[in-house]
Amino acid sequence: METHGQERSGDYEQALELIDSVYEAALDVDEWPRFLDRLCSFMGAIAADFYVRSGEANTFAAFTGISDDLMREYLAHYHDQNQRVSALQNTRQGGLITDFDLLSPEEISRSPYYQDLIFRNGYGLCIGGTPLQTQNQTAMFGVHFARGVNGYHDDNFRKLKLVMPHMRRAVQVRNRLNDETSRVERISACIDSLSTGVVLLDGRYRVSRVNDAAGGLLGRACSSRMAN
């Protein structure tokens, strides 16, 4: 019992580190592969991927443990055969799926997607999850185990359920930051197109943005003052 308690304590310490890393990833796109690396270590997996979809388009993707060449091969020849994707798009928020939820072992044995791509490259079973599911947006991930490793034990599902709410919140933070960035870019593009001089101030009345027309006026004003 003492050993079990030590293992469980270490498990939660790992979970806290993982949760920290997913919030760091929300603030910096480059951090998402690092988060996925930690997720693989936490799960005893060899690869993981993460996608955010808006409508029918992927707006963000990150992966680890999958070579770029293999990803290109997958996208070119096998993506349409991957039933995990459509299943995750139709999974309730917080839901998890396995390969055996989608296909029988016999169907997997006849599937080119599994036999020619997944198993041939040393990958095996996958647990997929949907941290975020709204009318217009879906966040999906997959955790991939090595060929011959059974990742379908209760502890792995418990671990994913522990982390999943934080993944959802991190995606929501990322989306809000993206929306704010897009809003600022749209405003900047708009004021740059105006022939009227515009100077934007922040909450402390400091200059945050000057369009070309205003820049020209300020430049001429400065030149005039220096001349005098």
Out of (1) without any contact (Cβ under 8 Å) to a residue 60 or more places away in the chain; (2) surrounded by fewer than 19 Cβ atoms within 10 Å (Cβ to Cβ); (3) more than 29 Å from ASN175 (Cα to Cα), the one ASP80 does not meet is (3)
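Restricting attention to segment 84-123, report how many residues are part of a helix (DSSP H, G or I) and over 20 Å from the mean Cα position of the chain (by Cα). Before the answer, list the steps.
To start, the set of residues in segment 84-123 that are part of a helix (DSSP H, G or I) comprises 84-89, 99-102, 105-109, 112-121.
Imposing the further condition that a residue be over 20 Å from the mean Cα position of the chain (by Cα) reduces the set to 99-102, 105-109, 112-121.
The number of residues fulfilling the criteria is 19.
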Check whether at least one residue in segment 23-43 is within 19 Å of TYR113 (Cβ to Cβ) and at pLDDT 95 or above, and report yes or no.
no
Listed by first then second residue, the pairs whose first member lies in segment 103-129 and is free of Cβ contacts under 8 Å to residues at least 60 places away in the same chain and open to solvent by 10 Å² or more (accessible area, probe 1.4 Å), whose partner is of a type in the set (D, E, K, R) and not in a helix (DSSP H, G or I), with beta carbons under 8 Å and at least 6 positions apart or on separate chains, are PHE119/ARG147
Counting only residues that are open to solvent by 30 Å² or more (accessible area, probe 1.4 Å) and in a strand (DSSP E or B), segment 61-77 contains a total of 2
Filtering segment 130-172 for residues that are surrounded by 15 or more Cβ atoms within 10 Å (Cβ to Cβ) and assigned to a helix (DSSP H, G or I) leaves a count of 14
If we scan segment 28-36, do we find a residue that is more than 27 Å from ASN150 (Cβ to Cβ) and in contact with an Asp or Glu (Cβ under 7 Å, 6 or more places away or on another chain)?
yes
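The values are calculated or read from the model by the stated rules, or taken from the named source; none is laboratory data. For clarity, every value in this text was computed on a predicted model and none was experimentally measured. Here the Cβ is made from the backbone with ideal geometry for all residues, glycine too, and neighbour counts use every protein chain on show. Side chains included, ligands, DNA and RNA excluded: accessible areas come from the protein's heavy atoms. Shrake-Rupley method; radii C 1.70, N 1.55, O 1.52, S 1.80 Å.
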